[in-house]
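Chemist: Dropping the structure in here first, questions after.
The values are calculated or read from the model by the stated rules, or taken from the named source; none is laboratory data. Just so you know, these numbers come straight off a predicted model, no measurement behind them. Because the Cβ atoms are built from the backbone with ideal geometry, glycine has one as well, and the counts that use them run over all protein chains shown. Keep in mind that these areas ignore ligands, DNA and RNA; they rest on the heavy atoms of the full protein, side chains included. Shrake-Rupley method; radii C 1.70, N 1.55, O 1.52, S 1.80 Å.
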Amino acid sequence: MDQLPTGNTIEKAVLLAGRAPSLHNSQPWRWDFDGEALRLFAVPERMLSATDASGRQMLISCGIALDHLRVALAASGWHTFVARFPDPNHRDHLATLTLQPATTVTDGDRQRADAIVTRRTDRLPFTEPTNWPDFESILRTTFDPADAFLDVLGDDSRPALARASEMTASLRRYDPGYHAELQWWTGHTIARSGVPGEALTSPEEQQRVAVGRRFPTAESTPRRRGITADHSVILVLSTDTDTPDDLVRCGEVLSTVLLECTLAGFATCTLTHLTEIPRSRAVVRELTEHSRLPQVLIRVGMAPDTANDPPPTPRRPLADILSTHTRNAR
């Protein structure tokens, strides 16, 4: 095997990594490949300034894309080495990846890459995930707890989470900037980003998920009528601080959690609105019973196979997320 990947290998990996979830499908990342190293940059112009004023979710989203990229390259036979924030004078430069041929590609490598394609954000209600205790034990071995701490909230936390979700919606009821962003990014797509109308839920469906973000609704025939209320397991990923490095690493762990859940046959839905407002974030922090900072919640459960699930949300074309050149051309 050559000691450097071909441009075609990089392009395929970047496109697959582009399937990473992000706030309102904003896809706030850009890659640069010079023939030897691959660099990840945040794109502040794609940050939702009213919803994500601090840029925390932008960095978490980029962390998900970073881990997705490593998964995609591993399935193609490449081992990656990551230097995070290598340039203190350019904080949008989040990581530089160097690569070397892997000694082997396992079935697990290929399956995890396949999970990138099959994973989707599911905003409908779930039934309880099967064999959760056994899966949780396995899940905790798939990432470094120093990068993000995982809590599993009990059923007794649901009333407090529902109240915090409602409080978040109430506090933002008269926030014109937030609602302008919500309307702009949902219900249609712009430049292959945003949440299309067919991915939205009906008012009745939204009521069955008490901890979900209040998105604009779509009039449609209610789905999953047999699931009258959401019975998902709710996870929380927390970090010690809100530093950019912590946030990117948290995103990498979130990627691992989502892909492992997908491989196990579980449906997932990432929730960030509960950590966007200090008061609701404090509620989540209290529920975890420790002093770490909650960054993101994930609903995990079972979803029936149906033919009327919405199609995958669109993604930006390669030209929008990857630039290539050679070092000699600089």
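Chemist: Take the conditions hydroxyl-bearing (Ser, Thr, Tyr) and assigned to a loop (DSSP other than H, G, I, E, B) and apply them to THR80. Does it pass? Give the derivation first.
Modeler: Values: hydroxyl-bearing (Ser, Thr, Tyr): yes; assigned to a loop (DSSP other than H, G, I, E, B): no.
Spelling it out, it is not the case that THR80 is hydroxyl-bearing (Ser, Thr, Tyr) and assigned to a loop (DSSP other than H, G, I, E, B).
Chemist: Shifting gears a bit: Mind listing just one residue for me: the one in region 204-215 that is open to solvent by 50 Å² or more (accessible area, probe 1.4 Å) and either outside any helix (DSSP H, G or I) or touching a Ser or Thr at 6+ places or on another chain (Cβ under 8 Å) (or both) and, of those, farthest from ILE298 (Cα to Cα)?
Modeler: Keep residues of region 204-215 that are open to solvent by 50 Å² or more (accessible area, probe 1.4 Å), which gives 204, 207, 210, 214.
From what is left, the residues that are either outside any helix (DSSP H, G or I) or touching a Ser or Thr at 6+ places or on another chain (Cβ under 8 Å) (or both) are 210, 214.
Values: ALA210: 14, ARG214: 16 Å.
So, considering only residues that are open to solvent by 50 Å² or more (accessible area, probe 1.4 Å) and either outside any helix (DSSP H, G or I) or touching a Ser or Thr at 6+ places or on another chain (Cβ under 8 Å) (or both), the one farthest from ILE298 (Cα to Cα) is ARG214.
Chemist: Here's another thing I want to ask about it. So, in region 225-246, how many residues would count as being crowded, with 16+ Cβ neighbours inside 10 Å and in a loop (DSSP other than H, G, I, E, B)?
Modeler: Number of matching residues: 4.
Chemist: Scan ASP52, ASP32 and give me the residue that is among the acidic types (Asp, Glu), in contact (Cβ under 8 Å) with a residue 12 or more places away in the chain, assigned to a strand (DSSP E or B) and surrounded by 14 or more Cβ atoms within 10 Å (Cβ to Cβ).
Modeler: Step by step, each of ASP52, ASP32 is checked, and only ASP32 is among the acidic types (Asp, Glu), in contact (Cβ under 8 Å) with a residue 12 or more places away in the chain, assigned to a strand (DSSP E or B) and surrounded by 14 or more Cβ atoms within 10 Å (Cβ to Cβ).
Chemist: In region 210-233, what count of residues is obtained for those that are within 19 Å of the chain's Cα centre (by Cα) and either over 20 Å from SER49 (Cβ atoms) or hydroxyl-bearing (Ser, Thr, Tyr) (or both)?
Modeler: 4
Chemist: Go through region 1-17 and give me each residue that's open to solvent by 10 Å² or more (accessible area, probe 1.4 Å) and either touching a helix residue (DSSP H, G or I) at 6+ places or on another chain (Cβ under 7 Å) or not in a loop (DSSP other than H, G, I, E, B) (or both).
Modeler: Result: GLY7, ASN8, THR9, GLU11, LYS12, LEU15, LEU16.
Chemist: Filter region 187-199 down to the residues that are in contact (Cβ under 8 Å) with a residue 24 or more places away in the chain and open to solvent by less than 30 Å² (accessible area, probe 1.4 Å) and list them by number.
Modeler: SER193, GLY194, VAL195, PRO196, ALA199
Chemist: Got a number for residues in region 288-330 being charged (D, E, K, R), outside any strand (DSSP E or B) and at pLDDT 90 or above?
Modeler: 5
Chemist: Give me the residue from region 259-285 that is assigned to a strand (DSSP E or B) and not hydroxyl-bearing (Ser, Thr, Tyr) and, out of that set, surrounded by the fewest Cβ atoms within 10 Å (Cβ to Cβ).
Modeler: LEU271
Chemist: When you scan region 73-88, how many residues do you find that are open to solvent by 40 Å² or more (accessible area, probe 1.4 Å), out of contact with any strand residue (DSSP E or B) (no Cβ under 6 Å at 6 or more places or on another chain) and either modelled with pLDDT of 95 or more or acidic (Asp, Glu) (or both)?
Modeler: So the answer is 1.
Chemist: Another one. Is there any pair with a first residue in region 159-186 that is outside any helix (DSSP H, G or I) and a second that is surrounded by 15 or more Cβ atoms within 10 Å (Cβ to Cβ) and among the hydroxyl-bearing types (Ser, Thr, Tyr) whose Cβ atoms are under 7 Å apart and which are 6 or more apart or on different chains, and what are they?
Modeler: Cβ pairs passing all conditions: ARG172/TYR178.
Chemist: Listed residues ALA20, ALA65; which is modelled with pLDDT of 95 or more, within 26 Å of GLY187 (Cβ to Cβ), under 15 Å from the mean Cα position of the chain (by Cα) and not in a helix (DSSP H, G or I)? It would help to see each step written out before you state the result.
Modeler: On the way: ALA65 fails: not in a helix (DSSP H, G or I).
Criteria check complete, one pass: ALA20.
Chemist: Looking at LEU237, LEU153, which is the one that is at pLDDT 95 or above and under 19 Å from THR127 (Cα atoms)?
Modeler: Within the list LEU237, LEU153, the selection yields LEU153.
Chemist: Inspect all residues belonging to region 124-133 and state whether any of them is touching a Ser or Thr at 6+ places or on another chain (Cβ under 9 Å), farther than 22 Å from LEU297 by Cβ, open to solvent by less than 60 Å² (accessible area, probe 1.4 Å) and of a type in the set (A, V, I, L, M, F, W, C). Please lay out each step first, then the result.
Modeler: Within region 124-133, the first condition is being touching a Ser or Thr at 6+ places or on another chain (Cβ under 9 Å), and the residues that meet it are 124-129.
Checking which are farther than 22 Å from LEU297 by Cβ leaves us with none.
No, region 124-133 contains no residue that is touching a Ser or Thr at 6+ places or on another chain (Cβ under 9 Å), farther than 22 Å from LEU297 by Cβ, open to solvent by less than 60 Å² (accessible area, probe 1.4 Å) and of a type in the set (A, V, I, L, M, F, W, C).
Chemist: Considering each of ARG249, ARG163 in turn, give the residue that is over 17 Å from LEU274 (Cα atoms) and either surrounded by fewer than 20 Cβ atoms within 10 Å (Cβ to Cβ) or at pLDDT 90 or above (or both).
Modeler: ARG249
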